[in-house]
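The values are calculated or read from the model by the stated rules, or taken from the named source; none is laboratory data. Keep in mind that what you see is a predicted model, and the values were worked out from it rather than measured. All Cβ positions, glycine included, derive from the backbone under ideal geometry; neighbour counts span all protein chains shown.
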2 protein chains.
Amino acid sequence: MTEQSITQGEERDYDEYRVIQDLGGWRRSHTCNQLTAADIGSEVTLMGWVQFRRDHGGLIFIDLRDREGLTQCVFSPEVAPEAHERAHAIRVEYVVALKGVVRARPEGMANPGMATGEVEIYANEWKLLNTSDTPPFPIEDRVDAAEMLRLKYRYLDLRRPRLAKNFILRNKAAQAARRYLDSLGFLEIETPVLTKSTPEGARDFLVPSRLSQGMFYALPQSPQIFKQLLMVAGLDRYFQIVKCFRDEDLRADRQPEFTQIDIEMSFPDEEQIMGMAEGLVRTLFKETIGAALPEAFPRMTYRQAMDEYGSDKPDIRFELKLVDVKDIFAGGGFKVFAAAPCLKALRVAGGLELSRKEIDDYTEFVKIYGAQGLAWIKVKEDGEWQSPIVKFFSEDEKKALAERLGMQNGDIVFFQAAPEDVANAALGNLRLKLGERFGLIDEKAFAPLWVTDFPLLEYDPEDKRWVAKHHPFTSPQPGQMETIASDPGGALARAYDLVLNGSEIGGGSIRIHTPAAQKAMFQALGIGDEEAEEKFGFLIEALKFGAPPHGGIAFGLDRIIMILTGAKSIRDVIAFPKTQKATCLMTEAPNVVGKKQLRELGIQLREKPAEAPAEQQKSEA
Amino acid sequence: MTEQSITQGEERDYDEYRVIQDLGGWRRSHTCNQLTAADIGSEVTLMGWVQFRRDHGGLIFIDLRDREGLTQCVFSPEVAPEAHERAHAIRVEYVVALKGVVRARPEGMANPGMATGEVEIYANEWKLLNTSDTPPFPIEDRVDAAEMLRLKYRYLDLRRPRLAKNFILRNKAAQAARRYLDSLGFLEIETPVLTKSTPEGARDFLVPSRLSQGMFYALPQSPQIFKQLLMVAGLDRYFQIVKCFRDEDLRADRQPEFTQIDIEMSFPDEEQIMGMAEGLVRTLFKETIGAALPEAFPRMTYRQAMDEYGSDKPDIRFELKLVDVKDIFAGGGFKVFAAAPCLKALRVAGGLELSRKEIDDYTEFVKIYGAQGLAWIKVKEDGEWQSPIVKFFSEDEKKALAERLGMQNGDIVFFQAAPEDVANAALGNLRLKLGERFGLIDEKAFAPLWVTDFPLLEYDPEDKRWVAKHHPFTSPQPGQMETIASDPGGALARAYDLVLNGSEIGGGSIRIHTPAAQKAMFQALGIGDEEAEEKFGFLIEALKFGAPPHGGIAFGLDRIIMILTGAKSIRDVIAFPKTQKATCLMTEAPNVVGKKQLRELGIQLREKPAEAPAEQQKSEA
């Protein structure tokens, strides 16, 4: 067998024109994950990619791969000399169709780790369906190629079984969600993608209109208003698995387009919506990974979540709660504690083992959340308190603290003396770090939690006004509409978030459904009649014509799939994701377009680059 | 009962704050289409809209409506005096919750045309959930309000049962499609909405990028390239029910955003794809309207369709075929016929009854398609030919014509002497008119038809070059790749369209899957290496790494739903449609946006309006 004869074999079959035109009537009989000892003796036709080729004892072995799995195939000069000779041309990632007979693997050669590990296929005939250049990185689950390269060759990255499995699961989850909602009478109704720019917080993506020059469509941040209008339309129960768009500066776990399971129903109360939502989430977990979630999800008020976990999305897979100790030090001698607007502590059993370096790292970590520093006390095995600050404590304070926290030998206690939001963010996030550090988190557990009784409004110190915590269509709780003007911070919303393992996976509310209440809400938000009319005119108008009581919820599908697959990155659950700069490295989108296209749309590029925001200019000056 | 007491009753209950906050624990026990004689005596809770109110014999009757249907409810001063008194406040489209007892309607008062027609509900208690201004048009199936008004108040138009039913059916169809495709191992995979502008015929909608200033995303005209890449990625079987976008000048049956059932599979032949597609369409018809389509759909070549029906989407619910008669008159004395590049005839049995006015109207009609006029012969009951042109025919020509067409007394025959495309368009469309005029079309029939063997390329006389008839990724038929350079017009594509009752509802092809064949195709289209690289670089690149043979099909879901529901307008099957000027009258999209938004995107409006195209300027000059 010379190099020349290999090339000839290749050329004879690698006539691309013939290949493209016809599979010659061949059809697959099985996938590459299907054949077992029960099939021994059968003649089969497989098609797939060459994962691997090995020449051994005069035979050529290949592992043929498809979406489902691998099958070992053998070319033998005794069984099929011509097929064997031509098989020398086969390289990794070539596309091959072969017919052969299923045989048992020789004694001791079975691979119990592989679904098809008991058998191998002896090829009688084969066709080369395509060649492949050497891939820029190997198609294997363990890959250390840079993510940039993998995103450029996304179609090769998707061949890795671990990634492909995410999309098999994602499909299963979406279909299960649809079946579940369909069975409850929810109609999937498509809402527009080309819609109106609405002032709902995040920045809109805009689409210039050609037929109405100077005007723009916006891509929806969510179908919120449309789903409310579908309730006004009497369609009763709506859902949609739908793309939403936000032109934000992207964080690691964000994408400019993302997918929601969006749900709305008429004549509901919170219990009905939460019950339906729990059923949906249970179905998703059951039907994709076989996990059984509890029949009734636990609930916690927003207040309790913030107090005990420093977060509105507590990871309740582990304890380790924040404890308010402000009263203990109030009026005491340690001014930093005594004067703090909020003083909270976090006691970690076994924390004595933390090194100075670790504590320094945590101190840096909490600064991300605005903390000035991180006070701590270690309780040595002999009971002595080791700490830079204990010397400022009185004996009473020490005693009260030890009692409040249940301090024991071997513990460490961290403190935050800061404004409440800073103390919560710093200790809440430190809590998560410590949960990992001390192995407190059961990685296999799924801990859903409803967070309820959110504030209706929150104060925006920049704009110096009250803004809606969820959105301005959220209903206040019974009896609180009257008080939002007098005590805006005290009003609670009929809103609920669903948190799972510390991620917010869904959130919703009962909506305002009468024009008078909606008007009162806008007033509380300082939105005048004219502004309300301009921004939400058609919704306000719709409420005048018999809007039913309604409410709903929306789930972040990408987030849920990440949890179900254990993916660390949102890019692992989106087929063609964008980078943090919102570009697609494969298609090179966005890209330049022709001047004619822009002219037709009545727009042009600004000659000067956009001005930097004012603050930035200042800090650079 | 005075007007005053009505108002008082209304005020007492119409405290919007109380209404919004709580349904007071009430939950619906049934829909408004559910109760029958079997429920007589039960206590029920219904919620819905007041369709109708009637006062009769001291009782107040209302028909309560929800998505499912109507139930008659009765307020009686004897049963519940307080509920009855307050019921005087009820108006049309008010939203009402009521508890009551199911009774049989009095003897002779049952309404057999109504699912709940045997019963009525005697209210014990009720709540006013919302009032309604008088709607701008009545909520009834028969509506003669202008469509502009109905689109502005879309949420009211959607309350009309006929329209609401379209969305109930649409949901059913989409879920049935998903179940069917899921059962065959197709994975629904989401492809990007923010993607790259591709030069595939129609105009793209563009989205300016903020993070990459001066660059634009495009909304996808179809996920064509992405689905091919998913096959390269080895995902084997893909589908998606997905929005697509085209910035075209809208015809009556077009929308700027529309929905496809998009499908692609690896290692297929045409038979597998067509078999899968037939199963899908049969499932859709069976599960939504219970119609049984044939087990195997008939097929026709493109050539035959054009020859006999003058159309690539023949409505085969009726015969009435075009007949080529060019050879009969070739070299004869009637120059108009003798010199015609194409001469076709259409014989209509019973056409003698057509009036002069009707024939004149048809003559105007065919001019839309470029015809110069419309020649005709009426065969009178005595066998005499009445026609302005017969005097130019020889006896042999007459005899041959009569024989070829099987002319009989009472017929009319229409002729087109014109270039082939004009003759086909004119007579093909006239055929449809005549099919209606003579009642030849069975309106209840569903006649699917595959049209196959399309030309691969067609000549664009404007650009003076060959262009892809479907798209440049379509594979030629076996043996024809070599000949596309020498005989571009003769090459046939591995493409197939599915036509139903004369509408194209789907189309697809086997794709090119090797780089060499794709390159040859681009050459045939006069697309140079550089242009191909720029426009399709990433697809060409992908084909180098082991692309499998693949092919697929896409269905127009909106069109299919129109056929299933009998809707005359695409706007009746899209929840929030746009006008022909691509505006949404309800939300007033597109709309102006702030200068700051544009500045952030690095764009500005053109100061001068877009220039008119060159030709237009000329014709105006």
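Looking at B:68, B:78, just one residue is over 44 Å from the mean Cα position of the chain (by Cα) and charged (D, E, K, R), and that residue is B:78.
Within segment B:220-246, the residues that satisfy the criterion of being in a loop (DSSP other than H, G, I, E, B) and either in contact with a helix residue (DSSP H, G or I) (Cβ under 7 Å, 6 or more places away or on another chain) or within 7 Å of chain A (Cβ to nearest Cβ) (or both) are B:233, B:234, B:235, B:236.
Is it fair to say residue B:94 is of a type in the set (Ser, Thr, Tyr) and within 30 Å of residue A:540 (Cβ to Cβ)?
yes
Just checking, does segment A:503-511 include any residue being in contact (Cβ under 8 Å) with a residue 60 or more places away in the chain, at negative phi and surrounded by fewer than 18 Cβ atoms within 10 Å (Cβ to Cβ)? Among the residues of segment A:503-511, at least one is in contact (Cβ under 8 Å) with a residue 60 or more places away in the chain, at negative phi and surrounded by fewer than 18 Cβ atoms within 10 Å (Cβ to Cβ), which makes the answer yes. In segment B:34-45 there is no residue matching the filter, namely being within 42 Å of the chain's Cα centre (by Cα) and within 20 Å of residue A:514 (Cβ to Cβ). Taken as a whole, the structure places residue A:497 among residues that are buried (at least 20 other Cβ atoms within 10 Å of the Cβ) and among the charged types (D, E, K, R).
Any residue that is part of a helix (DSSP H, G or I), touching a helix residue (DSSP H, G or I) at 6+ places or on another chain (Cβ under 7 Å) and farther than 13 Å from residue B:414 by Cα - is there at least one of those in segment B:367-384? Working first, answer last.
Taking segment B:367-384 and keeping what is part of a helix (DSSP H, G or I), we get B:367.
Restricting the remaining residues to those that are touching a helix residue (DSSP H, G or I) at 6+ places or on another chain (Cβ under 7 Å) gives none.
Checking segment B:367-384: not a single residue is part of a helix (DSSP H, G or I), touching a helix residue (DSSP H, G or I) at 6+ places or on another chain (Cβ under 7 Å) and farther than 13 Å from residue B:414 by Cα.
Within the option set B:564, B:557, B:539, B:543, being closer than 30 Å to residue B:164 by Cβ and within 10 Å of chain A (Cβ to nearest Cβ) holds for one residue only, B:557.
Checked against (1) at pLDDT below 95; (2) of a type outside the set (Val, Ile, Thr); (3) not assigned by TED's automatic domain parsing to the domain that holds residue B:567, residue B:470 passes all but a single condition, namely (3).
Of all residues in segment B:259-284, those that are in the same structural domain as residue B:193 (by TED's automatic domain parsing) have Cβ atoms under 6 Å from Cβ atoms of residues that are among the aromatic types (Phe, Trp, Tyr), 6 or more apart or on another chain, in B:261/B:555; B:263/B:239; B:264/B:238; B:278/B:297; B:280/B:180; B:283/B:180.
Quick check: anything in segment A:344-353 in contact with an Asp or Glu (Cβ under 9 Å, 6 or more places away or on another chain) and farther than 25 Å from residue A:410 by Cα? Give the steps one after another, and end with the answer.
Just the residues of segment A:344-353 that are in contact with an Asp or Glu (Cβ under 9 Å, 6 or more places away or on another chain), to begin with: A:344-345, A:347-352.
Now restrict to residues that are farther than 25 Å from residue A:410 by Cα: none.
No, segment A:344-353 contains no residue that is in contact with an Asp or Glu (Cβ under 9 Å, 6 or more places away or on another chain) and farther than 25 Å from residue A:410 by Cα.
The strands (runs of 3 or more DSSP E) falling completely within segment A:253-351 that include 3 or more residues that are buried (at least 17 other Cβ atoms within 10 Å of the Cβ) map to A:257-266, A:342-348.
Out of the residues in segment A:486-524 that are more than 27 Å from residue A:547 (Cα to Cα) and charged (D, E, K, R), which is nearest to the chain's Cα centre (by Cα)?
A:504
Answer yes or no as to whether residue A:153 is touching a Gly at 6+ places or on another chain (Cβ under 9 Å) and hydroxyl-bearing (Ser, Thr, Tyr). In short, no.
In segment A:170-219, which residue that is of a type in the set (S, T, N, Q) and more than 7 Å from chain B (Cβ to nearest Cβ) is surrounded by the fewest Cβ atoms within 10 Å (Cβ to Cβ)? Among those that are of a type in the set (S, T, N, Q) and more than 7 Å from chain B (Cβ to nearest Cβ), it is A:183. Inspection of segment A:253-264 identifies at least one residue that is at pLDDT 95 or above, touching a strand residue (DSSP E or B) at 6+ places or on another chain (Cβ under 8 Å), over 24 Å from residue B:220 (Cα atoms) and not aromatic (Phe, Trp, Tyr).
Pairing each residue of segment A:44-58 that is more than 16 Å from residue A:84 (Cα to Cα) and within 11 Å of another protein chain (Cβ to nearest Cβ) with any residue that is acidic (Asp, Glu) and surrounded by fewer than 18 Cβ atoms within 10 Å (Cβ to Cβ), provided the two are 6+ apart or on different chains, yields C-beta distances under 9 Å for A:51/A:140.
Being farther than 17 Å from residue B:589 by Cβ and in contact (Cβ under 8 Å) with a residue 24 or more places away in the chain is the filter; apply it to segment A:522-536 and report the residue that is farthest from the other protein chains (Cβ to nearest Cβ). Selected residue: A:526. The single condition among (1) modelled with pLDDT of 95 or more; (2) more than 14 Å from every other protein chain (Cβ to nearest Cβ); (3) not in a strand (DSSP E or B) that residue A:142 does not meet is (1).
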